Amino acid sequence: MKLSSKFGVVAVAVGLIVGIAPAAQAASLSGAGASFPQLLIEACKVPFNKKTGHSLTYGGGGSGAGKTASDNQTGDVWFSDSPHTATTARPTLVHIPAVAAPIAVLHNLPASTQLYLSPTTAAKIFAGEITRWNDPAIVKDNNRKVTEVIYRKNAQGDVVKNKKGQPKVVRTVTRNARYTLPNQKITVIFRADKSGTSKNFTSWLRGVNPAVWTKSSNDLFSTAFPGTINAPGNIGRIVGANFSAGVSQLAAATKYSITYAEASYGTKYNLRTAAIGNASGNFMLPTAAATGAFLASSKVGSTGFFTFDYDTKEPGAYTLGIISYMLGDSDYKNKANVPAIKEWANFIISRECTDLGTDDAFLPIEGDFRKLAEAAIAKLG
């Protein structure tokens, strides 16, 4: 009996080993691109490996680097915060809406008081028209009644919607903002590299105030800047850094600075987050609920790309939400990795991955967005 029991244990152990996917079936994927979703990608790599046996190495580098890597077919997965529509894009390129999250306006003011910025004020700051924190426009934004909208959520923390797909409002909260702002120079920190985050951010700046932000959006902030970014008056006051981590690190080291990045970078580098005004006159923080309320108003064109309504009258919309795309291929050279690439794509759009994000910043890809994502994943081959 003891001998047979020992054999039984051995048999079970061998069975378990046989049941694990052989090393030859476990793929080692590599990718590059947008730094905006990088914190989420890094958080999801370990559980993805435990669940599937596959590994992923992600180099970041910005959306521009992701598009270039895609063009050169270097690696397996690429990310970009803006669609890849350049002439270098292959006809077999597939865009998968993979990560939904807000761009946060982050600042390094010493006081813990909540900062409020209307869209026009924000546009003037980043355009270099407002240069000091005690400018009358900023003072006005921060010494007034402000209203925040609270949405109903379900047990999973998602915003509950009515039959028309509109978020259900629980209540509104109105408070008197009082903030004595310092008489200090504002240092604007922008993304110096090609960045889908900059593309989306400058699109928002132009969308909310085209009279101030007179140039079209661009992956390069310096190209979209409505003026001469290297003008003598801007030297040392409007400065660039590469990647989301780079601008956040520089902002953390520079008192009285302001920048833009995915909201989780604010927590990582101890930066504060501004509440941004919307077309309804309410000020919202970049939460998943407020960002989801905004993205619900977006439309998908015939190309499968999203267009955003910055003038939406949804009362609780945080209008700096974006969709980050995973770029894939319907005709990969390395066919052996395609099953693993599909598994990664399905994992990153799952709640299991999204819930690993910090600060209530990432939204699950659900509803019509998920149908679009799943249809795109099915094209990978």
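Every number here is computed from the coordinates shown, using simple stated rules; none is lab data. The model shown is predicted, which means the values in this text are computed figures rather than measured ones. Positions of Cβ are backbone-derived with ideal geometry, glycine not excepted, and every protein chain shown enters the neighbour counts.
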Query - 3J(HN,Hα) from dihedral phi, segment 261-272, Karplus parametrisation 6.51/-1.76/1.60, rounded to Hz, x for glycine, proline - result: 6, 4, 4, 5, 5, x, 5, 4, 10, 6, 9, 9
Report task. Sticking with the crude label model, points 7 Å out along Cα→Cβ, report the distance from residue 155 to residue 170 in nm, one decimal please. Result -> 1.7 nm
**Report entry** Length released on extending from residue 334 to residue 254, taking residue separation times 0.36 nm less the Cα-Cα span
**Finding:** 24.2 nm
Query raised in the report: Relative contact order for segment 37-98 using alpha-carbon pairs under 8 Å, separation at least 6, rounded to a whole percent?
Result: 21 percent
Query raised in the report: What is the calculated FRET efficiency for residue 371 to residue 86, with r their C-beta to C-beta distance and R₀ = 35 Å, to the nearest 0.05?
Result: 0.80
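Within segment 155-190, report the trypsin sites (Lys or Arg not before Pro) that DSSP leaves as loop and that have at most 10 other Cβ atoms within 10 Å. Let's see the in-between values first.
Numbers: sites: 161, 163, 164, 168, 171, 175, 178, 185; in loops: 163, 164, 168, 178.
Filter output for segment 155-190: 163, 164, 178.
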Query raised in the report: Hey, what did segment 103-307 get for relative contact order, percent, Cα under 8 Å, at least 6 apart?
Result: 32 percent
Report summary line: Rounded to whole angstrom, the alpha-carbon centroid of segment 327-381 lies from that of segment 180-202 at a distance of 30 Å
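I need the trypsin sites (Lys or Arg not before Pro) found in segment 274-364, filtered to DSSP loop residues with at most 12 other beta carbons within 10 Å of theirs. It would help to have the intermediate numbers written out before the result.
On the way: sites: 299, 313, 333, 335, 342, 351; in loops: 313, 333.
Loop-located and lightly packed - 313, 333.
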Query raised in the report: Check residue 76: other-chain or 5+ apart residues with amide H under 5 Å from its amide H, H built from backbone geometry?
Result: 30, 31
Query raised in the report: From the Cα gyration tensor of segment 71-159, with a ≥ b ≥ c the square roots of its eigenvalues, which class applies: rounded if a/c is under 1.5, or else prolate if a/b is larger than b/c, or else oblate?
Result: oblate
Requested in this report: Go from 0 up to the bin containing the longest alpha carbon distance in segment 103-307, width 5 Å each, and give me the % of pairs per bin.
Outcome: 1, 7, 14, 19, 20, 17, 11, 7, 3, 1, 0, 0
Report summary line: Mean-square fluctuation maximum in Gaussian network of the chain, Cα pairs under 10 Å, restricted to 64, 233, 128, hits 233
Query raised in the report: Of 142, 278, 176, which has the largest mean-square fluctuation in a 10 Å C-alpha GNM of the chain?
Result: 176
Requested in this report: For residue 333, go through the aspartates and glutamates and keep the ones whose alpha-carbon is under 20 Å away, minus same-chain ones fewer than eight residues off.
Outcome: 71, 76, 343
Query - Label-point gap, in nm, between residue 137 and residue 72 - each point 7 angstrom along Cα→Cβ - result: 4.1 nm
Query raised in the report: Considering only the chain, what is the antiparallel percent among its DSSP beta bridges, to the nearest 5?
Result: 70 percent
Query raised in the report: Listed here are the pairs 153/371; 215/299; 140/299; 153/379; which of them are more than 26 Å apart at the Cα?
Result: 140/299; 153/379
Query - 3J(HN,Hα) from dihedral phi, segment 313-322, Karplus parametrisation 6.51/-1.76/1.60, rounded to Hz, x for glycine, proline - result: 8, 4, x, x, 6, 9, 8, 10, x, 9
**Report entry** Only Lys, Arg (+1) and Asp, Glu (-1) charged, at Cβ; the chain dipole about Cα centre in debye
**Finding:** 680 debye
Query raised in the report: Scaled to the compact-protein estimate 2.2 N^0.38 Å, what is the alpha-carbon radius of gyration of the chain, rounded to two decimal places?
Result: 1.08
Query raised in the report: Using θ = phi - 60° and the Karplus form 6.51 cos²θ - 1.76 cosθ + 1.60, what ³J(HN,Hα) does each residue of segment 85-100 get, whole Hz, x for Gly and Pro?
Result: 10, 5, 5, 7, 5, 6, x, 8, 5, 10, 9, 10, x, 10, 9, 10
Query raised in the report: Going down the table (161/342; 124/161; 124/255), which pairs top 26 Å between alpha carbons?
Result: 161/342; 124/161
Query raised in the report: Straight-line reach from residue 268: which aspartates and glutamates have a Cα under 16 Å away, not including same-chain ones fewer than 8 places off?
Result: 42, 359, 360
Query - Most mobile of 51, 268, 215 in a GNM of the chain (Cα contacts under 10 Å) - result: 51
Query raised in the report: With the Cα gyration tensor of segment 143-236 giving a ≥ b ≥ c as the square roots of its eigenvalues, does the rule (a/c under 1.5 for rounded; else a/b larger than b/c for prolate; else oblate) give rounded, prolate or oblate?
Result: oblate
Query raised in the report: At what distance in angstrom do the alpha carbon centres of segment 253-286 and segment 105-169 lie from each other?
Result: 8 Å
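Using only helices, what value at 222 nm comes out for the chain when you add -39,500 (n - 2.57) per DSSP H run of length 4 or more and divide by the total residues, to the nearest 500 deg cm²/dmol?
Working: 13 runs with 125 residues, N = 381.
It comes out at -9500 deg cm²/dmol, rounded to the nearest 500.
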Query raised in the report: For residue 153, which sequence-distant residues (separation of 5 or more, or a different chain) have an amide H within less than 5 Å of its own amide H, given hydrogens modelled in the peptide plane?
Result: 160
